[in-house]
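Following: one structure in structure tokens, then a few remarks.
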Amino acid sequence: MDMGSDRTAFLTQMVEISTSTISFGERLGNLVHLLARHLRIDLALYFGLDKSKEVLTLQVSSQGPVPVSGRLEFRLGQGVVGEAAATRQIRLAYRYQEGVLAANAGLEKLLPEYQTLAAFPVADDNFLYGVLLLADHRERTFSVAERQTIHLVTLMLASTVRQALLQEDSKKRIAELSVLFEVGKALSATMELDELLERVVSTTAKVITARGAALHIVDRVTGQTKVSSQYGQVPPQICPIMPAAPVAAAPMEPPFLQGQTRDAEGRTHYYLIVPLTFKGQLEGSLCVFDKISPEGEFQPFDPENRQLLFTMAGLIVNALENALTYQQVESLAERNERMVHNLTALQEISRALLTTVQRERLLEILLQGLIHPQGLGFDRAVVLMVDEPSQTLQGVKGAQRLPEDQFPPLSEALTQPPVHSLAVSDWQIPLRPDCGSLALAVLQQRSFHVHHREPGTLAPLSQHFTAQEFFIAPMVVKDRATGVILVDNQASGRPLEPEPLHVLQMLATQAALVLENARLYSTIEANNRELMLIRERMLESDRLAALSSLASGMAHEIRNPLVSIGGFARRIGKLVDKDSPLRGYVEVIQEEVSRLEKLLKEILDFTGENLSYFGDHDLDQILEDTLILVQRDLDAHNIKVVKELAPLPRLHCDDRQLKQVFYNLFTNARQAMSQGGTLTVRTYTVEREDGLYAAAEVSDTGGGIPLEVLHNIFNPFFSTKDYGTGLGLSIAQRIVSRHYGQIEVKNELGKGVTFIVTLPIAKYCLVKDAGRGAAPAGALHVPTGGR
Amino acid sequence: MKKILVADDEMAIRLLYSEELKEEGYEVYTASNGKEALEIVEKVPLDLVILDIKMPVMDGIEALRQIKERYPHLPVVLSTAYGEYKQDFATWASDEYLVKSSDLEDLRATVKRYLKD
């Protein structure tokens with residue numbers, strides 16, 4: 001067989017082996033075996049360089065599997081194998097050479113009496129993977145062709161080993177990645193943080209084939225343990241080391257703390273700890289312990305374990321930070337939601353408050369909003385307002401809700417008064433600094449949140465109101481506290497949350513404003529009413545003036561013909577015989593005319609008042625003058641007159657009209673006392689808030705006015721008398737009104753009647769304050785008391 | 001025979017008053033307004049003048065003023081349907097103020113008081 005084709009066949013075989021799908025170990029064995037056969041060499045061995053790059057270990061032999069017991073190693077530089085590795089050069093050695101036997105001692109066992117040793121480095125352009133050693137019984141050399149063949153084989157070996165290493169590496173990476181994938185999946189799963197950390201810890205232990213793992217996270221500032229999770233029983237010796245890891249870890253990349261301890265039974269435990277570093281104030285450590293070898297022994301952790309643990313630590317930090325952020329976001333969202341709820345309630349209540357200017361309704365809306373579950377949801381709420389004149393805080397309105405209460409939706413509830421009101425009208429707190437929080441809230445214009453009632457905080461109220469925790473918000477308008485709102489959750493025992501209290505303070509400001517507006521509005525309304533009244537009265541007096549001028553014009557027109565008719569009737573009467581029936585007819589004409597004339601006179605007296613003559617007069621004198629007019633009449637009816645006249649300032653008045661008033665009153669009194677009696681006339685001054693008044697009382701002993709007609713006495717044309725028009729009191733009242741005075745009636749059934757005429761003394765305020773002094777018939781004070 | 005002037009724009013009143021006064025034995029002249037009344041006062045030596053207040057052409061108040069200017073001693077009685085001016089008659093310098101009434105007793109009594117001698 002020629003050499004060339006033999007070599008070609010060999011190389012073909014070699015290529016086939018190195019590209020085959022059999023395992024790397026077998027491939028190496030086959031390559032080495034085939035080479036030995038091809039070169040007719042006794043023994044071919046492959047020594048692999050270990051990871052430490054210092055020891056070359058026998059891995060493959062052309063004679064078959066390498067027994068575990070026949071482990072053969074060479075250090076770098078030791079023997080031909082070590083030298084070839086160290087120099088990356090071919091080394092040839094012969095038995096006869098000095099020191100060869102000693103240097104290559106282990107080989108004697110494998111090939112006794114060897115003569116030749118040839119070591120070839122197995123390497124590619126970058127790395128040295130091992131050494132190929134050829135041994136033979138003969139002393140032999142290698143031709144150039146052989147050397148070339150061997151070189152090719154070493155390249156194939158290098159490539160195979162490299163592939164094997166790469167594959168091993170890949171497998172490891174894949175395994176690691178799949179673990180990390182699992183962990184990552186777990187970390188991003190939507191499970192509770194505690195459960196998740198437990199899973200991470202156990203996975204970490206399993207990946208590193210450790211007996212157990214532990215996670216410990218503390219708050220750096222407070223020292224408080226935030227998270228503590230473990231898988232497997234942590235050996236007690238390791239426990240105290242963990243918290244120190246963040247500080248004690250070796251300053252390497254990655255940082256770690258590694259070591260071993262011995263337990264009471266003499267067993268050695270290994271541990272590996274990496275620190276966890278968070279962005280915030282948290283810190284902690286992740287620990288694995290007792291790495292278990294395939295044989296079940298505890299063994300130390302290697303750098304790969306460190307790298308993996310470090311990666312896991314990073315994942316945990318990430319996951320925790322995410323979780324914490326999420327928790328924060330969630331709590332923020334929750335707070336936000338509560339705030340939105342409260343602000344919605346506030347808006348709803350505010351809107352309702354703008355629908356009315358009635359104080360009562362405003363208070364109802366406010367209280368309903370405070371206790372409604374969709375509102376601010378307090379158990380109780382009380383509004384107290386400052387009473388300026390008495391310098392006290394007065395209970396105005398209060399409401400509470402009971403557990404069984406069913407509430408309609410807020411918007412609807414705000415249109416109704418609260419179901420359960422609190423009786424607070426007798427709450428009265430002096431505005432002094434020693435009178436508890438309610439007074440202080442007004443005086444200092446600030447809120448009070450009392451958590452545990454101390455004695456005295458509600459001292460003036462203790463009999464009305466007890467609560468352990470309560471809140472007081474002042475109602476401030478234009479830098480003035482107008483009142484306070486008091487709330488509590490005493491009944492349900494819930495704590496007062498900050499959000500509703502915050503909203504309450506905003507609401508208190510608005511409430512203060514709308515209540516102040518309501519107050520101003522009601523003042524305006526009162527003024528407006530007064531103005532309307534004055535206007536009405538002016539219109540009425542205009543109407544009356546028009547009416548009276550019309551009536552007086554008509555009355556005058558009627559009077560002339562009446563005089564003629566009556567006058568001629570009288571003349572006819574004188575001409576007619578006494579016995580003639582005409583006489584009766586004429587008398588009827590005369591009497592009817594007389595009656596008409598009398599009626600005319602009364603109507604003219606009533607309507608003719610616009611012709612008035614004001615001057616300064618003495619009321620006592622007016623009374624005296626008028627008494628003279630009726631004196632004879634009174635004497636004739638056996639009526640005694642009692643005068644109690646006090647000196648009075650002069651009045652600006654029409655004395656003739658006032659005489660008419662008292663004339664009418666005296667005449668009434670006289671008529672009431674047909675069987676005799678006493679007429680008492682008194683005068684005195686009355687101090688009222690709008691000025692000084694003169695009062696004149698006219699009392700009779702005529703038994704009083706029957707209740708059923710009392711309300712009618714000022715009605716024009718009403719009369720209990722059988723004669724007259726009944727205009728007397730009506731005229732009197734009208735005249736007094738024109739003087740911006742009042743007539744009051746005190747009726748004592750069985751005794752008599754007192755008419756009290758009050759007239760303002762200050763003259764120039766009259767026109768300005770016209771609306772006040774005037775007494776329209778409807779507003780007339782007519783007490784109906786009596787016996 | 002005493003001479004009386006009755007001035008009133010109402011014919012019926014003039015007739016009633018003059019019938020009544022003639023019956024009492026007086027000589028009665030009549031006028032339907034203040035101007036006519038003044039003309040008669042100028043012509044006739046009168047003893048009493050009765051003037052209505054509200055009259056056309058010249059009212060009773062003006063006629064009163066002019067009569068009193070020339071004949072301050074001639075008594076003048078105002079007779080009117082307006083009772084409410086009664087308080088002011090003195091300022092108008094009249095001697096008497098009578099509110100018209102179908103009962104002429106007041107009129108007769110007043111006239112008698114001024115013309116008794």
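The values are calculated or read from the model by the stated rules, or taken from the named source; none is laboratory data. No experiment lies behind these values; they were computed from the predicted model shown. FYI the Cβ positions are ideal-geometry reconstructions off the backbone, even for glycines, and counts take in every protein chain you see. In case anyone asks, the SASA skips ligands and DNA or RNA and just uses the protein heavy atoms, side chains included. Shrake-Rupley method; radii C 1.70, N 1.55, O 1.52, S 1.80 Å.
Just a few scattered comments:
- Tally of residues being open to solvent by 10 Å² or more (accessible area, probe 1.4 Å) and either touching a Cys at 6+ places or on another chain (Cβ under 9 Å) or aliphatic (A, V, I, L, M) (or both) across the range A:346-375: 4
- Scanning the range A:334-345 turns up one or more residues that are within 20 Å of the chain's Cα centre (by Cα), open to solvent by 70 Å² or more (accessible area, probe 1.4 Å), more than 22 Å from residue A:473 (Cβ to Cβ) and polar (S, T, N, Q).
- Every residue from the range A:223-239 that is open to solvent by less than 60 Å² (accessible area, probe 1.4 Å) and of a type in the set (Val, Ile, Thr): A:227, A:234, A:238
- Within the range B:39-71, the only residue that satisfies the criterion of being among the basic types (Lys, Arg) and in a loop (DSSP other than H, G, I, E, B) is B:54.
- Taken over the range A:555-581, the criterion of being exposed (fewer than 13 other Cβ atoms within 10 Å of the Cβ), in a helix (DSSP H, G or I) and more than 10 Å from chain B (Cβ to nearest Cβ) is satisfied by A:575, A:581.
- For residue A:52, the conditions (1) part of a loop (DSSP other than H, G, I, E, B); (2) surrounded by 12 or more Cβ atoms within 10 Å (Cβ to Cβ) are fulfilled apart from (2).
- Residue in the range A:486-500 that is over 26 Å from residue A:334 (Cα atoms), aliphatic (A, V, I, L, M) and either surrounded by fewer than 15 Cβ atoms within 10 Å (Cβ to Cβ) or modelled with pLDDT of 85 or more (or both) present: yes
- Restricting the first member to the range A:164-182 and to residues that are aliphatic (A, V, I, L, M), and the second to residues that are open to solvent by 80 Å² or more (accessible area, probe 1.4 Å) and in a helix (DSSP H, G or I), the beta-carbon pairs closer than 9 Å and six or more apart or on different chains are A:179/A:206.
- Flag if residue A:10 is touching a residue at least 24 places away in the same chain (Cβ under 8 Å), open to solvent by less than 70 Å² (accessible area, probe 1.4 Å) and not in a helix (DSSP H, G or I): no
- Taking the range A:33-49 as the range and being part of a helix (DSSP H, G or I) and basic (Lys, Arg) as the test, only A:37 passes.
- Counting only residues that are of a type outside the set (Asp, Glu), without any contact (Cβ under 8 Å) to a residue 60 or more places away in the chain and touching a helix residue (DSSP H, G or I) at 6+ places or on another chain (Cβ under 9 Å), the range A:110-125 holds 6 of them.
- Residues of the range A:64-86 satisfying the condition of being under 14 Å from residue A:110 (Cα atoms) and either in contact (Cβ under 8 Å) with a residue 40 or more places away in the chain or of a type in the set (Phe, Trp, Tyr) (or both): A:70
- From the list A:379, A:302, the one residue that fits, being of a type outside the set (A, V, I, L, M, F, W, C) and in contact with a strand residue (DSSP E or B) (Cβ under 8 Å, 6 or more places away or on another chain), is A:379.
- For the range A:570-581, the count of residues that are among the aliphatic types (A, V, I, L, M), modelled with pLDDT of 85 or more and farther than 30 Å from residue B:51 by Cβ is nonzero.
- For the range A:700-716, the condition holds for at least one residue, the condition being that it is open to solvent by less than 40 Å² (accessible area, probe 1.4 Å), assigned to a helix (DSSP H, G or I) and out of contact with any Pro (no Cβ under 8 Å at 6 or more places or on another chain).
- Filtered residues of the range A:271-308 (kept if in a loop (DSSP other than H, G, I, E, B), open to solvent by 30 Å² or more (accessible area, probe 1.4 Å) and within 21 Å of residue A:211 (Cβ to Cβ)): A:294, A:295, A:296, A:297, A:300, A:302
- Of the residues contained in the range A:586-598, none is found to be in contact with a helix residue (DSSP H, G or I) (Cβ under 9 Å, 6 or more places away or on another chain) and outside any helix (DSSP H, G or I).
- Considering residues of the range B:99-116 that are open to solvent by 20 Å² or more (accessible area, probe 1.4 Å) and more than 10 Å from chain A (Cβ to nearest Cβ) only, the residue modelled with the lowest pLDDT: B:116
- Any hit, the range A:395-405, residues being open to solvent by less than 50 Å² (accessible area, probe 1.4 Å), assigned to a helix (DSSP H, G or I) and at pLDDT 90 or above: no
- Out of A:148, A:97, one residue alone is under 26 Å from residue A:26 (Cβ atoms) and out of contact with any Phe, Trp or Tyr (no Cβ under 8 Å at 6 or more places or on another chain). It is A:148.
- Qualifying residue in the range A:584-598 (condition: free of Cβ contacts under 8 Å to residues at least 12 places away in the same chain, more than 14 Å from chain B (Cβ to nearest Cβ) and more than 23 Å from residue A:555 (Cα to Cα)): yes
- Residue count for the range A:407-431, restricted to those that are more than 20 Å from residue A:341 (Cβ to Cβ) and either open to solvent by 60 Å² or more (accessible area, probe 1.4 Å) or hydrophobic (A, V, I, L, M, F, W, C) (or both): 14.
- When we screen A:108, A:98, A:26 for residues that are part of a loop (DSSP other than H, G, I, E, B), over 60 Å from the mean Cα position of the chain (by Cα) and acidic (Asp, Glu), the only hit is A:98.
- The residues of the range B:1-25 that are surrounded by 17 or more Cβ atoms within 10 Å (Cβ to Cβ), over 14 Å from residue B:52 (Cα atoms) and facing chain A (nearest Cβ under 9 Å) amount to a single one, B:20.
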